[in-house]
Amino acid sequence: MHLDSAQRSRLRVRLVHLRHEAQRLLDRHRESLVVQGEHRAVGDDTDEMQGEELAGTTIALSDQAVRTIKKVDDALRAMNREEYGVCTACNGPISVQRLEALPFANLCLACAEEEEAETARRRHVPVYQQS
Ligand SMILES: [Zn+2]
């Protein structure tokens with residue numbers, strides 16, 4: 001473990017805080033979806049189209065909040081197992097600076113960059129060029 005207990009408890013506080021924030025956002029998005037639904041029930045066709053779009057955005061934001069909550073939970077669980085700050089891909093330590101910036105990071109910088117490049121490659125290369 002390359003983190004001292006002060007660093008870890010500070011990061012734990014931040015994780016718990018991030019979880020609260022994401023949960024609060026999620027509740028708000030869900031609430032707004034209900035309101036949008038009620039609004040749409042009485043709206044005309046134009047409202048409906050705008051409503052669909054708004055609902056799509058709200059759902060995307062909710063998904064993001066759900067993902068954040070999941071990542072935070074994973075990080076807190078890892079903390080309890082004394083595995084926090086360890087890259088899940090290469091088992092190397094994740095730098096303190098990176099964890100300070102992204103407390104729920106589960107990849108070290110090198111692995112994260114590699115994954116990002118991989119995702120970008122998959123996204124940009126047309127299927128017929130892949131082999
Ligand atoms: Zn790694």
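The values are calculated or read from the model by the stated rules, or taken from the named source; none is laboratory data. The structure presented is a predicted model; accordingly, all values stated were derived computationally and were not measured. So basically every Cβ, Gly included, is an ideal-geometry build from the backbone, and we count neighbours across all protein chains shown.
For ASP44, the conditions (1) modelled with pLDDT of 95 or more; (2) exposed (fewer than 15 other Cβ atoms within 10 Å of the Cβ); (3) charged (D, E, K, R) all hold with the exception of (1).
Taking region 76-95, which residues are within 15 Å of the ligand (Cβ to nearest atom) and either under 17 Å from the mean Cα position of the chain (by Cα) or in contact (Cβ under 8 Å) with a residue 40 or more places away in the chain (or both)?
ALA78, TYR84, GLY85, CYS87, THR88, PRO93
Looking only at region 105-122, residues that are within 8 Å of the ligand (Cβ to nearest atom) and assigned to a loop (DSSP other than H, G, I, E, B) come to 2 in all. Residues in region 66-87 that are more than 18 Å from HIS20 (Cα to Cα) and either touching a Gly at 6+ places or on another chain (Cβ under 8 Å) or part of a helix (DSSP H, G or I) (or both): ALA78, ASN80, VAL86. Is it the case that region 121-131 has a residue that's among the basic types (Lys, Arg), closer than 28 Å to HIS29 by Cβ and modelled with pLDDT under 90? Among the residues of region 121-131, at least one is among the basic types (Lys, Arg), closer than 28 Å to HIS29 by Cβ and modelled with pLDDT under 90, which makes the answer yes.
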